[in-house]
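K.L.:
Structure incoming, see below.
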Amino acid sequence: MPDMKVNLAGMTMKNPIVVASGTFGFGREYNEFFDLGELGGICAKGLTLLPREGNPAPRIAETPMGILNSVGLQNPGVDAFIKEELPFLRQFDTKVIANISGNTPEEYGIMCDKLAAAGVDMIEVNISCPNVKAGGLAYGTRPDLAAEVTAMARKHAGSVPVMVKLSPNVTDITEIAKAVESAGADAVSLINTIRGMRIDVNTRRPVLKMNTGGMSGPAVLPVAVRMVWEVANAVKIPVLGMGGVAKGEDAAQLMLAGATAVAVGTSLFADPYAAIKVRDELAAIADRQGLASVRELTGGVKPW
Ligand code: SIN
């Protein structure tokens with residue numbers, strides 16, 4: 001079998017498969033199904049400085065080949081994560097990536113201080129949540145603000161790698177990628193969800209209480225592959241690719257487009273074993289192609 005190890009910005013993972021933030025909680029429920037140590041890494045549910053209840057329901061709705069969510073960053077806050085969830089995650093032989101969102105650059109800095117001291121393996125800086133009024137997309141759609149948040153996170157994260165999560169809800173994602181690279185990001189992850197809306201034709205109400213939400217699931221895969229390809233060609237830092245991955249072939253597409261590692265997200269809601277299956281199918285593809293290492297897939301696309 002091919003060597004499945006990958007190195008994402010100095011963080012060595014036993015395989016390239018990570019579970020995406022917001023689709024895995026803090027791992028407790030999935031631990032009932034499989035050993036979390038099977039995963040390359042776990043991106044924990046997005047954290048904020050203080051606990052948040054999130055947005056009012058309904059906040060999840062199905063779409064053809066995906067879902068719309070407007071969860072609004074419900075979470076227990078960074079201190080509760082460090083005290084109660086990180087020790088649980090640390091029992092497993094996998095990398096722990098904390099995902100953070102802030103209202104101000106200073107909040108990102110404070111959270112990075114705390115998480116670096118607590119010893120997470122990587123910090124994913126979310127500048128792309130489409131479901132909150134302050135922070136979120138406001139940072140992810142403007143290169144200057146994206147750079148400001150990145151610089152603050154980098155300054156406070158010490159030796160912990162900083163990966164910035166990019167939004168697809170922009171005209172040119174490479175502009176944001178280049179801005180965060182220049183500001184010190186060690187890696188980028190993409191794509192976060194695509195803004196969408198569904199309307200109940202009988203009530204004439206949007207199906208989500210917040211009217212709009214973020215779309216994810218298999219329908220967004222081609223957008224993710226295109227954006228990973230564009231970003232991988234625009235920056236030198238590594239890319240964690242995500243968006244609609246449900247099969248090993250999907251993960252292979254993102255790696256060929258330039259991703260070093262791949263996150264599985266929405267498909268976990270339909271199949272808790274999805275990430276494990278993607279890992280095994282990816283290994284089988286690399287094996288069939290006679291590769292010594294899965295790393296040989298990264299950037300291997302042959303554009304016409
Ligand atoms: C949410 O909690 O609203 C989703 C987070 C995100 O899309 O970044």
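The values are calculated or read from the model by the stated rules, or taken from the named source; none is laboratory data. Every value quoted in this text rests on a predicted model; they were computed, and no experiment measured them. No Cβ is skipped: glycine too gets one built from the backbone with ideal geometry, and neighbour counts run over all protein chains shown. With ligands, DNA and RNA removed, areas are computed over all heavy atoms of the protein, side chains included. Shrake-Rupley method; radii C 1.70, N 1.55, O 1.52, S 1.80 Å.
K.L.:
Taking a 1.4 Å probe, which of SER182, SER167 shows the most accessible area, and what order do the others take after it?
P.N.:
In descending accessible area the options line up as SER182, SER167.
K.L.:
To continue, here is another question. Of the listed pairs LYS178/LYS247; LYS178/LYS209; LYS165/LYS236; LYS95/LYS209, which have alpha-carbon separations greater than 26 Å here?
P.N.:
LYS178/LYS247; LYS178/LYS209; LYS95/LYS209
K.L.:
How many angstrom lie between the Cα centre of region 223-240 and the Cα centre of region 3-75?
P.N.:
Each part's Cα centre sits 21 Å from the other's.
K.L.:
Check which residues have an amide H placed less than 5 Å from VAL264's amide H, if you skip close sequence neighbours.
P.N.:
For VAL264, the qualifying residues are VAL18, VAL19, ALA20.
K.L.:
Now for a separate question. Keeping the other protein chains in place, figure out the carbon and sulfur percent of the accessible area of region 6-297, with a 1.4 Å probe.
P.N.:
Using a 1.4 Å probe with all protein chains present, region 6-297 comes out at 52 percent carbon and sulfur.
K.L.:
Here's something else I'd like to know. Which lysines have a Cα less than 16 Å from the Cα of LYS83, not counting those fewer than 8 places away in the same chain?
P.N.:
Excluding near neighbours in sequence, the set is LYS45, LYS114.
K.L.:
Suppose accessible area is computed on protein heavy atoms with a 1.4 Å probe; arrange PHE92, PHE24 from highest to lowest.
P.N.:
PHE92, PHE24
K.L.:
In addition: If we restrict to alpha carbons, what Rg and Dmax does the chain come to, in Å?
P.N.:
17.8, 57
K.L.:
In debye to the nearest 20, how big a dipole does the chain give about its Cα centre with +1 on each Lys and Arg Cβ and -1 on each Asp and Glu Cβ?
P.N.:
In debye, rounded to 20, the chain gives about 560.
K.L.:
Sticking with this one: Using a Gaussian network model on the chain with a 10 Å cutoff between Cα atoms, which of LYS83, LYS165, LYS247 fluctuates the most?
P.N.:
Comparing LYS83, LYS165, LYS247 in the GNM, the peak value goes to LYS83.
K.L.:
Translational diffusion coefficient of region 172-273 at 25 °C, 0.890 mPa s, Stokes-Einstein with Kirkwood Rh over Cα pairs, in µm²/s as a whole number.
P.N.:
167
K.L.:
A further question on this structure: Kindly report the accessible area of the chain per residue (heavy atoms of protein chains, probe 1.4 Å, no ligands, DNA or RNA), in Å².
P.N.:
Normalised by residue count, the accessible surface of the chain is 42 Å².
K.L.:
If you don't mind, there's one more thing I want to ask. Output the DSSP H helices from the chain with an along-axis C-alpha extent of no less than 18 Å and a mean Kyte-Doolittle hydropathy no less than 0.5.
P.N.:
Result, helices passing both filters: 221-234.
K.L.:
Moving on. Cα centroids of region 254-271 and region 81-151: how far apart, whole angstrom?
P.N.:
Using only Cα atoms to place each centre, the spacing works out to 20 Å.
K.L.:
Using only protein heavy atoms and a 1.4 Å probe, report how much of LEU282 is accessible, in Å² to the nearest 10.
P.N.:
Approximately 0 Å² of LEU282 is accessible to the 1.4 Å probe.
K.L.:
Please list ILE110, ILE191, ILE199 from largest to smallest accessible area, probe radius 1.4 Å, with all protein chains kept in place.
P.N.:
These residues rank, largest area first, as ILE199, ILE110, ILE191.
K.L.:
Additional query: So what is the relative contact order for region 6-297, in percent, with contacts set as C-alpha pairs under 8 Å and at least six apart?
P.N.:
Taking the mean separation of contacting Cα pairs over the length of region 6-297, I get 19 percent.
K.L.:
Could you give the size of the charge dipole of region 34-149 about its Cα centre, using +1 on the Cβ of each K and R and -1 on the Cβ of each D and E, expressed in debye and rounded to the nearest 20?
P.N.:
280
K.L.:
Of the trypsin sites (Lys or Arg not before Pro) in region 122-161, which ones lie in a loop per DSSP and count no more than 12 other C-beta atoms within 10 Å?
P.N.:
LYS133
K.L.:
Counting helices only, and only those DSSP H runs with n ≥ 4, report the 222 nm mean residue ellipticity of the chain as the sum of -39,500 (n - 2.57) divided by its residues, in deg cm²/dmol to the nearest 500.
P.N.:
After summing the helix terms and dividing by residue count, I get -8500 deg cm²/dmol.
K.L.:
Can you send over the solvent-accessible area of ARG28, 1.4 Å probe, protein chains only, in Å² to the nearest 10?
P.N.:
So the heavy atoms of ARG28 present about 100 Å² to solvent.
K.L.:
Please give the solvent-accessible surface of VAL132 in Å², to the nearest 10, using a probe radius of 1.4 Å with every protein chain present.
P.N.:
Counting only protein heavy atoms, the figure is 30 Å².
K.L.:
Placing +1 at every Lys and Arg Cβ and -1 at every Asp and Glu Cβ, with all other atoms neutral, what dipole size does region 9-69 have around its Cα centre, in debye to the nearest 20?
P.N.:
Magnitude of the dipole: close to 220 debye.
K.L.:
State which stretch of the chain is the longest one without any exposed GluC sites (Glu not before Pro), exposure meaning a DSSP loop state and at most 14 other Cβ atoms within 10 Å.
P.N.:
That would be 54-304.
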